[in-house]
Amino acid sequence: MITAKKKERGNTEALVKELLANLGEDPVREGLEKTPKRVAASLKYLTSGYHKDIKQILNGAIFDEKYDEMVVLADIELFSLCEHHLLPFYGKCHVAYIPNGKIVGLSKIPRLVDVFARRLQVQERLTSQIAECLMEALNPRGVGVVIEALHLCMAMRGVEKNNAVCITSSMLGVFRSDQRSRQEFLSLINHKR
Ligand SMILES: [Zn+2]
């Protein structure tokens, strides 16, 4: 019996094989023989964020706490795929929030970043999805997210500017309304750089 998932993967493999042939390659030569299988598996992993349940990830990791100062998690490693070229963009994500009675287990924040990064993305949307997700889950006084990333679609093709870092930010709640909160966050992550 062929399961739906196996069939899906088989389809991707067949498409990759066809793609290799379209590029002028011989898909059955030794070096490429297993490539469709590998590409299908790697794409599946790199887009696994579509099938992750955020509620399940956060389940049991949100705690009542009186702490009401800024929490900053800087330099979270980030790898994603640009939806325009299916090429990687990668860099660092910095996340801050000011609790309003609830805090989240720190290890959950990088996992949340991965849920949204492991999809076909544009950096702008990735940034606001992370911020909005935390805003919804914790109802904090504010959330700030900054992403700095290098886009291989820019570095390897097109304008070929291989050191241009794209910086995006999403500021919600007090991070948007109160300049001091925003400045505190930005100076903390700039200081680290
Ligand atoms: Zn691109």
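A compact table of results
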read-out: Förster radius 30 Å - calculated FRET efficiency between N100 and I57 (Cβ-Cβ, nearest 0.05); value: 0.90
read-out: Computed helical MRE - 222 nm, the chain, DSSP H runs ≥ 4 contributing -39500 (n - 2.57), nearest 500; value: -13000 deg cm²/dmol
read-out: Under Karplus coefficients 6.51, -1.76 and 1.60, residue-wise ³J(HN,Hα) of segment 27-40 in Hz, glycine/proline x; value: x, 9, 5, 3, x, 9, 3, 9, 4, x, 5, 5, 5, 4
read-out: Length-normalised contact order for segment 1-41 - Cα pairs under 8 Å, 6+ apart - percent; value: 46 percent
read-out: Kirkwood-based shape ratio for segment 73-186, expressed as Rg/Rh from alpha carbons; value: 1.00
read-out: Simple spin-label estimate for Y90 and R180 in nanometres, 7 Å along Cα-Cβ; value: 4.1 nm
read-out: Cleavage-rule hits, trypsin sites (Lys or Arg not before Pro), segment 1-60, DSSP coil, Cβ neighbours within 10 Å at most 12; value: R29, K34
read-out: Sequence of F63, F175 from largest to smallest accessible area, 1.4 Å probe; value: F63, F175
read-out: Exposure ranking of M154, M171 by accessible area [1.4 Å probe, largest first]; value: M154, M171
read-out: Cβ-Cβ FRET estimate between N190 and C166, R0 fixed at 25 Å, reported to 0.05; value: 0.90
read-out: Long-range HN-HN contacts of N100 with modeled amide H, under 5 Å; value: R141
read-out: Per residue accessible area in Å² of the chain, where ligands, DNA and RNA are left out and the probe is 1.4 Å; value: 62 Å²
read-out: Relative contact order computed over segment 1-132 (Cα-Cα under 8 Å; 6+ residues apart), in percent; value: 25 percent
read-out: Accessible surface of T3 - all protein chains present, 1.4 Å probe, nearest 10 Å²; value: 70 Å²
read-out: Principal axis box of segment 1-96, alpha-carbon based, largest edge first, Å; value: 62, 35, 23
read-out: Förster-model FRET efficiency, 30 Å R0, D68 and S48, C-beta, rounded to 0.05; value: 0.30
read-out: Dimensionless Rg over Rh [segment 122-193; C-alpha; Kirkwood]; value: 1.07
read-out: Surface/4 of the Cα convex hull for the chain, nm²; value: 13.9 nm²
read-out: Percent accessible area from carbon and sulfur atoms, the chain, protein chains only, probe 1.4 Å; value: 53 percent
read-out: In Å², nearest 10: area of V165 left accessible to a 1.4 Å probe; value: 80 Å²
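The values are calculated or read from the model by the stated rules, or taken from the named source; none is laboratory data. Since this is a predicted model, take the numbers as computed values, not measurements. Cβ coordinates were reconstructed from backbone atoms using ideal geometry, including for glycine residues, and neighbour counts include every protein chain displayed. When the accessible area is computed, the model is the full protein with side chains, heavy atoms only, and any ligands, DNA or RNA have been set aside. Shrake-Rupley method; radii C 1.70, N 1.55, O 1.52, S 1.80 Å.
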